[in-house]
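A short worksheet on the structure shown next.
The values are calculated or read from the model by the stated rules, or taken from the named source; none is laboratory data. Nothing here was measured: the structure is a model prediction, and the numbers come from that model. Please note: Cβ atoms are built from the backbone with ideal geometry, for glycine as well, and neighbour counts cover all protein chains shown. Areas reflect the complete protein model, heavy atoms only, side chains present, ligands, DNA and RNA absent. Shrake-Rupley method; radii C 1.70, N 1.55, O 1.52, S 1.80 Å.
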Amino acid sequence: MYDQYDALIFDMDGTILDTEPTHRKAWHQVLRRYDLTMDEEKMVSFNGAPSWQLAQFIIDLNNASLDPHQLAAEKTTALKTMLLDDVRPLPLMDVVKTWHGRRPLAVGTGSEHSLAKLLLEALGVYHLFDAVVGADNVTRHKPHPDTFLRCAQLMGVEPTRCVVFEDADFGIQAAKAAGMDVVDVRLL
């Protein structure tokens, strides 16, 4: 089905790993410390964006005076304490395993690189990928194309020869902006 592509790129959270419920749980834990609120549906709309962007939105929404990068770091710390116990691969991981060794594969995620590596290693699948690009590996994040363009560059593949698997609107916009085909895994 993906024979026409020279490389496959996968978003991580919600695409190949079932981490989204734990991300939201970590956010709620941190927000309670500061008596901040956030609508669950709006939180989901930030899927694919780096944590500091959601933190900034939450701070603005609550008229708080906090550092978004500090709030995001606290969320990441909370996440790390609970995520390894809860993370599970999603069915799309079968596509990764099928294409491993047949095409270059990459992960392009809105999570920090170290967190992506930790999760992928914990599940024993890190070695399946030729490149992993996290939010801290690029300056402009999804919906900008930089994450996916960096994946293509690291794999040595022209962007137009890549297909991206995504579960979030920001990621789909980023893939299209990179000139790549995209599979919206929410429709699979």
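Some notes on this structure:
- The requirement of being among the hydroxyl-bearing types (Ser, Thr, Tyr) and open to solvent by 20 Å² or more (accessible area, probe 1.4 Å) is satisfied by Thr160.
- Residue count for region 1-38 under the criterion of being free of Cβ contacts under 8 Å to residues at least 60 places away in the same chain and either more than 21 Å from the chain's Cα centre (by Cα) or more than 23 Å from Ala106 (Cα to Cα) (or both): the result is 18.
- Meets criteria (out of contact with any strand residue (DSSP E or B) (no Cβ under 9 Å at 6 or more places or on another chain), at pLDDT 90 or above, within 30 Å of Val96 (Cβ to Cβ) and of a type in the set (A, V, I, L, M, F, W, C)) for Ala7: no
- Annotation note: Cβ proximity below 7 Å between a residue of region 167-188 that is within 13 Å of Phe46 (Cα to Cα) and a residue that is part of a helix (DSSP H, G or I) and open to solvent by less than 90 Å² (accessible area, probe 1.4 Å) (sequence gap 6+ or interchain) occurs for Asp167/Val185.
- Filtered residues of region 25-55 (kept if closer than 22 Å to Leu187 by Cα and either of a type in the set (D, E, K, R) or at pLDDT below 85 (or both)): Glu40, Glu41, Lys42, Val44, Asn47, Gly48, Ala49
- Within region 115-145, being without any contact (Cβ under 8 Å) to a residue 12 or more places away in the chain and either open to solvent by less than 10 Å² (accessible area, probe 1.4 Å) or on the phi > 0 side of the Ramachandran plot (or both) holds for one residue alone: Gly124.
- Residues that are aliphatic (A, V, I, L, M) and in contact with a Gly (Cβ under 8 Å, 6 or more places away or on another chain) were ranked within region 142-177; the one that is modelled with the lowest pLDDT is Ala168.
- Condition check for Ala72: over 24 Å from Pro145 (Cα atoms), among the small types (Gly, Ala, Ser) and in a helix (DSSP H, G or I): no
- Among the residues listed as Thr76, Thr81, Thr98, the single one being among the hydroxyl-bearing types (Ser, Thr, Tyr) and open to solvent by less than 30 Å² (accessible area, probe 1.4 Å): Thr76
- With respect to the conditions (1) of a type outside the set (Asp, Glu); (2) part of a loop (DSSP other than H, G, I, E, B); (3) out of contact with any Ser or Thr (no Cβ under 6 Å at 6 or more places or on another chain); (4) at pLDDT 95 or above, Val183 falls short on a single one, namely (2).
- For region 10-54, residues that are surrounded by fewer than 17 Cβ atoms within 10 Å (Cβ to Cβ), acidic (Asp, Glu) and out of contact with any strand residue (DSSP E or B) (no Cβ under 8 Å at 6 or more places or on another chain) total 4.
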